[in-house]
Protein chains: 6
Amino acid sequence: MKCIILPDKFDYDGSQISSLWAYNSFGVQEDSVVVFRGTCDVKIEHMIDLEDRRANESIWSEDMVSFIIEHFDSTDLKLIYARQRLFTAIVRESLAGMGVQTTREGDDLFLKGKKLTVSIASTSAVSQKIHFGINVSHDIYGNMKEAGIGEDDQVASFMQAIGKAYVREFEDIEKDLRKSRPLGVV
Amino acid sequence: MKCIILPDKFDYDGSQISSLWAYNSFGVQEDSVVVFRGTCDVKIEHMIDLEDRRANESIWSEDMVSFIIEHFDSTDLKLIYARQRLFTAIVRESLAGMGVQTTREGDDLFLKGKKLTVSIASTSAVSQKIHFGINVSHDIYGNMKEAGIGEDDQVASFMQAIGKAYVREFEDIEKDLRKSRPLGVV
Amino acid sequence: MKCIILPDKFDYDGSQISSLWAYNSFGVQEDSVVVFRGTCDVKIEHMIDLEDRRANESIWSEDMVSFIIEHFDSTDLKLIYARQRLFTAIVRESLAGMGVQTTREGDDLFLKGKKLTVSIASTSAVSQKIHFGINVSHDIYGNMKEAGIGEDDQVASFMQAIGKAYVREFEDIEKDLRKSRPLGVV
Amino acid sequence: MKCIILPDKFDYDGSQISSLWAYNSFGVQEDSVVVFRGTCDVKIEHMIDLEDRRANESIWSEDMVSFIIEHFDSTDLKLIYARQRLFTAIVRESLAGMGVQTTREGDDLFLKGKKLTVSIASTSAVSQKIHFGINVSHDIYGNMKEAGIGEDDQVASFMQAIGKAYVREFEDIEKDLRKSRPLGVV
Amino acid sequence: MKCIILPDKFDYDGSQISSLWAYNSFGVQEDSVVVFRGTCDVKIEHMIDLEDRRANESIWSEDMVSFIIEHFDSTDLKLIYARQRLFTAIVRESLAGMGVQTTREGDDLFLKGKKLTVSIASTSAVSQKIHFGINVSHDIYGNMKEAGIGEDDQVASFMQAIGKAYVREFEDIEKDLRKSRPLGVV
Amino acid sequence: MKCIILPDKFDYDGSQISSLWAYNSFGVQEDSVVVFRGTCDVKIEHMIDLEDRRANESIWSEDMVSFIIEHFDSTDLKLIYARQRLFTAIVRESLAGMGVQTTREGDDLFLKGKKLTVSIASTSAVSQKIHFGINVSHDIYGNMKEAGIGEDDQVASFMQAIGKAYVREFEDIEKDLRKSRPLGVV
């Protein structure tokens, strides 16, 4: 699994959640997590969460760090949702490691009661994907600046730390499941 | 999904990881997490982790809280391992909520550098299971007493809090995946 | 699994077979069967059965009871087709219980040799669905009025009885598969 | 899919539920339904249903018609249970066609309130199987003799009719799922 | 599984890779391989391989033999790719049997260093498909004429031989997997 | 995926087909192909192919090269059988590349009409495996010595060439399936 950190500003408009975006953009032919920073403004046709669509929710941030994860090893909805929750927990752990305490409710992190993140997961016939975004700054919602992680180099380290942590976790799982015997039965 | 807290002392010898143990013991016909407290002494024939077997590892604790999770909705190894990692993260979050900072490496939690937990996950032809154990007291390894959670009622609350948190997480996932549109494609 | 009976007239135009229609319309985040009564006139773009499309078949009824079943636990075509056949058999059993003898051929019921029902099943990347419709009245085809179940309250009871019978069957299966040991092998 | 009717008396002791029994006994290399008539006396080690085991239930009949169904196209528990219910409904339909009214509760048929049948379904790593048995005669339980289907040639026709009906249903499903377009999405 | 050889010239424009094309065109309700000969000119909207799309590759041949394989027994990408490689190897074996030595690299065959074939595989929510094309004549690429298989009756025999060889291989696999016991475990 | 060539003589008794043998013996936590040379004498309890068991077949060779392949990415029988056929074709291609012409029938290779190889594939709840063996010398069956590949260094090169070819093929497939769009639908 590969971690790609985009060096330049890159805006999220929701089209990046499409299957094969990473291959089409960067030619990557592995499972991947692509990390970038830019504005977030999700167009209605790319909204995967019908709740947001029905509520005509705007998913908007002037400055957001985004993680785009794609796996081709399964198209099981249950698996990508378990992975999404795990990813959310990894972000929380990383933040805690930087001294920032947040609370997790499902796929959301909260900073002092304010929603800090957005996330969605789904599948197509060929892959499964997660988008996870964290506000760097935001007028209303929680954001990294308020948490004291607002300097560019801090944000850059954070992007890298989390991208790599997920790859490590994934590879660790792949190794662990190759040394476990099947269950016995009562 | 059902959470069952055993009211009395119950010892873990590894046979509880077998498929259908919860049905056989308690008649439960749902996915379940069974929580109990007692000694831990895993017999070699019930060791699922071949690494432990090869190393002739002893999995032993004089006082351990155990969580036995069983799902029948899939027999996919990748899914039960993602769930195991997520469960481990949930325990960490609960401990943090009680003021106890631990670090997670895969399916292990560490307290001040000492291993606090044991865990294994696997599948049979009919179900997938996780065992997750936390030392309440231990001469060598990390344990809850050292972390200040040693009183019986504290341990009992902890058992209940985590069992219920996992059920809530599972049900929340099941709801979320029922409102997500399939991915578009580049 | 949830059964939703729409209190008012609701027309089936084929768009209701789309994945997530139940969530989008009623906010339901469980597997579901939605039952309603109204006209049936399936637009060509919503025809799932290519045989109908190729034959330029009209799927039309002035008064039909429709069942829309959606499961998110699998996207296996074989499973949704087995469930469709089982549902058809359940309808036949309910009718027999009301004294109406029909014959079943696959997913069709016949009343005195006339086709009484229409049905289709398929999957998307996120869910599997069944539409099953029964004519309440029809000039050409078999219909419930001819069978003596034409009063509004009779039709309403029928809708409820079958919707609930399917939920019960599904939940009964889910329980049964949680108490069966894996097969031995010769 | 092949239907094999054993010409001679054959007793069911539960070992026939094992995967690959049909290949081992008859060399059949297709999905199959094997039908035979004889006594039924299930040994405890072949009891698949833990409920029976726990209750130390005896599964016994002096004269039973047994259907042993094996599919190799999937090892999904949900699918074999849906198929088991469908098979049960098919038996009910056949009986109704012979003028015998029964009621179905899950995988059980009742004749005048007395249990007429036994059934179990499960999977191994390589196949999925169903056993379905109907008492021809029984002191306590419902049986075909009471229903007026006790003559040898009647029983033989019944065995053949049902075996073939299941094969026909299976093949009909396989054809239907090869002409259905994927679902649209809201 | 059925093999259909089209008797007349038929051009490949890429739309034939769509799921259910064989049913829609020929009413076939089995897994199938359809074989035909004609020009090849794949429109951009039917290009499945994003590498070709990105490179704005033209997939063009004035005279090509095409094999369109469709399976409905699974929608697993890994399986259809293993089948595609196996099909490519079968073509190579057939050519070798006719005295034509080629080399295989993945899903490509080379004749004297020149690319002889094109191929793609993918899935939808309902089926998995392969297109495999071999140039009969071509100005730039390898082709059957150069290999000495240019006469119409030779090409016709070749089309039939390979179509049937794949069906035989598939049916042979289906039989073999119905006589293998599950693996033991260390 | 890892290729391990055992440097010393190693005898095959059938126990190596068990899941997790490679981890247990060599600590490998990847999908793997382990290649070794030694006698072959399969004990009846390790015979996976019931046809051999029923025929009381002896699977014996005084000198055989064995390939043991294990994948943990799926437990689908269809997939491991497609992979087994593909592996067989790869061996045939390698032999052809060394000037040795063989014919393939399913998972068997024949040299001048004499059976040269043995092979079996199956799954457990945690992995899927293939054994493929080629006689180096044999009194009755085809063997590499007769084919002119009898020198120790020739055999050693052959073992390595094929082990690596399979790893390359597997990795090539994994890359290809990460650049293919889902199929359209008629």
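Selection of the range E:79-120 for residues being of a type in the set (S, T, Y) and within 12 Å of F:L86 (Cα to Cα) yields E:Y81, E:T88. Buried (at least 20 other Cβ atoms within 10 Å of the Cβ) and either of a type in the set (S, T, Y) or not in a loop (DSSP other than H, G, I, E, B) (or both): is that true of A:R37 in this structure? For A:R37, the condition - buried (at least 20 other Cβ atoms within 10 Å of the Cβ) and either of a type in the set (S, T, Y) or not in a loop (DSSP other than H, G, I, E, B) (or both) - is met.
Determine whether D:V34 is away from every other protein chain (no Cβ under 11 Å) and in contact with a helix residue (DSSP H, G or I) (Cβ under 6 Å, 6 or more places away or on another chain). So D:V34 passes the test. Please verify whether the range A:67-83 includes one or more residues that are modelled with pLDDT of 95 or more and more than 30 Å from F:S74 (Cβ to Cβ). Looking for residues that are modelled with pLDDT of 95 or more and more than 30 Å from F:S74 (Cβ to Cβ), one finds none in the range A:67-83, hence no. Number of residues in the range D:3-38 that are of a type in the set (S, T, N, Q) and either in contact with a strand residue (DSSP E or B) (Cβ under 6 Å, 6 or more places away or on another chain) or closer than 22 Å to D:A165 by Cα (or both): the value is 5.
Of all the criteria given as (1) buried (at least 21 other Cβ atoms within 10 Å of the Cβ); (2) under 16 Å from the mean Cα position of the chain (by Cα); (3) facing another protein chain (nearest Cβ under 8 Å), the one not satisfied by D:S124 is (2). The residue that is modelled with the highest pLDDT, among those in the range D:45-66 that are of a type in the set (A, V, I, L, M, F, W, C) and in contact with a helix residue (DSSP H, G or I) (Cβ under 9 Å, 6 or more places away or on another chain), is D:V65.
Applying the criterion of being in a helix (DSSP H, G or I) and of a type in the set (F, W, Y) to the residues of the range E:48-96, the residue that is farthest from E:I140 (Cα to Cα) is E:Y81. Summed over the range A:66-80, the residues that are at the interface with another protein chain (Cβ under 7 Å from one of its Cβ atoms) and either in contact with a strand residue (DSSP E or B) (Cβ under 8 Å, 6 or more places away or on another chain) or within 14 Å of A:M1 (Cα to Cα) (or both) give a count of 7. Within the set C:S74, C:S32, C:S58, C:S19, the sole residue that is closer than 30 Å to D:E93 by Cβ, surrounded by 22 or more Cβ atoms within 10 Å (Cβ to Cβ) and not hydrophobic (A, V, I, L, M, F, W, C) turns out to be C:S32.
Does the range E:85-94 hold any residues that are more than 8 Å from chain F (Cβ to nearest Cβ) and in contact (Cβ under 8 Å) with a residue 60 or more places away in the chain, and which are they? Of everything in the range E:85-94, those that are more than 8 Å from chain F (Cβ to nearest Cβ) and in contact (Cβ under 8 Å) with a residue 60 or more places away in the chain turn out to be E:F87, E:V91, E:S94. Considering the range A:127-186 alone, what residues qualify as being within 13 Å of chain F (Cβ to nearest Cβ), part of a strand (DSSP E or B) and buried (at least 17 other Cβ atoms within 10 Å of the Cβ)? Correct list: A:Q128, A:K129, A:S180.
Tallying residues that are of a type in the set (S, T, Y) and either touching a helix residue (DSSP H, G or I) at 6+ places or on another chain (Cβ under 8 Å) or modelled with pLDDT under 95 (or both) within the range C:136-186 yields 2.
Across the range C:53-67, the number of residues qualifying as farther than 15 Å from C:F132 by Cα and either touching a Leu at 6+ places or on another chain (Cβ under 9 Å) or of a type in the set (D, E) (or both) comes to 2. Out of all the residues in the range F:103-117, is one or more under 23 Å from F:V42 (Cβ atoms), in contact with a His (Cβ under 9 Å, 6 or more places away or on another chain) and either at pLDDT below 95 or crowded, with 20+ Cβ neighbours inside 10 Å (or both)? Checked the range F:103-117: at least one residue is under 23 Å from F:V42 (Cβ atoms), in contact with a His (Cβ under 9 Å, 6 or more places away or on another chain) and either at pLDDT below 95 or crowded, with 20+ Cβ neighbours inside 10 Å (or both). Among residues that are within 21 Å of D:V185 (Cβ to Cβ) and within 10 Å of chain D (Cβ to nearest Cβ), C:R104 is not included. Looking across the range A:97-124 at every residue that is in a loop (DSSP other than H, G, I, E, B) and touching a residue at least 60 places away in the same chain (Cβ under 8 Å), the one that is farthest from A:D52 (Cα to Cα) is identified as A:M98.
The values are calculated or read from the model by the stated rules, or taken from the named source; none is laboratory data. Please read these numbers as outputs of a predicted model, since none were measured by experiment. Quick reminder, even Gly has a Cβ in these numbers, built from the backbone with ideal geometry, and neighbours come from all protein chains shown.
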